[in-house]
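The values are calculated or read from the model by the stated rules, or taken from the named source; none is laboratory data. On a predicted model such as this, the values are computed, not experimentally measured, just so you know. With ideal geometry, Cβ positions are generated from the backbone for all residues, glycine too; neighbour counts draw on all protein chains shown. Each accessible area value is taken on the protein alone, full model and side chains, heavy atoms only, with ligands, DNA and RNA left out. Shrake-Rupley method; radii C 1.70, N 1.55, O 1.52, S 1.80 Å.
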Amino acid sequence: MRTIGRGLAGLIALWACGACADRDGLVEVAWLFDNAKLERIYPVSDIPDTCGLDSQSGIRYDLRVRLSIIENTPACLADLGNPDCQVIEPLLFPCNRFRGTAKSVPVSMLDDGSDPGYLMLVEAEIDPTDTPPFVPNATCLSAPGPRVRAVRPGRITDLEVYQFIVSGIESQGALLDIDMCRPLEDGGDGDGDGDGDGDVDTGTDSTT
């Protein structure tokens, strides 16, 4: 009986390990908004959230954050907006939050055991009440470019804190010119940092 019990326990352990290997991971990100003088807009500021903010034109807008998880290939890096490159549907987080989580993210390890990680693209989005939402140009709002991070089964990949610099807000109490923030016709390099080089942080997440 003891032998049978040990054998059964071993089978259960093997099954559990196999199930763990198949589990998805989670990706967490936090963010903050600073103005051109690096004074805090949100969070820990005079405003409770970034919903219904006033603009220079009088049009209210929400300032939100979107997370896209993209396959880490040269083709996808060259075309970050390609739907075929998306690992999961991009997540647009509420404007009354400063942290968000993507659940059920497939692991980034390949069948051969290598792990190229994913491109993690975190963008700010302006959502006016009178026009469709858009990602502002870099002269209005600058952000880090995409970063490469691994996603492991059952683990949390913490992207830590992203700092968005809203250059279009010069100081505390100043209002944003929404029209000035609309995307430039040339579109830049698509990495969100406004430098035109498309550079990527290729470090992988440290969780093991």
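The set of residues from region 60-89 being part of a loop (DSSP other than H, G, I, E, B) and surrounded by 16 or more Cβ atoms within 10 Å (Cβ to Cβ) comprises 72, 80, 87, 88. The set of residues in region 136-154 that are open to solvent by 30 Å² or more (accessible area, probe 1.4 Å) and touching a residue at least 60 places away in the same chain (Cβ under 8 Å) comprises 149, 152, 153, 154.
Being of a type in the set (A, V, I, L, M) and either within 18 Å of residue 157 (Cβ to Cβ) or free of Cβ contacts under 8 Å to residues at least 12 places away in the same chain (or both): is that true of residue 121 here? Answer is yes for this residue.
Count, please, the residues in region 31-51 that happen to be more than 14 Å from residue 166 (Cα to Cα) and under 22 Å from the mean Cα position of the chain (by Cα). Final tally of qualifying residues: 4. Restricting 108, 57, 114 to those that are assigned to a loop (DSSP other than H, G, I, E, B) and open to solvent by less than 10 Å² (accessible area, probe 1.4 Å) reduces the list to 108.
Between 101, 157, the distinction of being open to solvent by less than 40 Å² (accessible area, probe 1.4 Å), among the β-branched types (Val, Ile, Thr), within 16 Å of residue 31 (Cβ to Cβ) and out of contact with any Phe, Trp or Tyr (no Cβ under 8 Å at 6 or more places or on another chain) belongs to 157 only.
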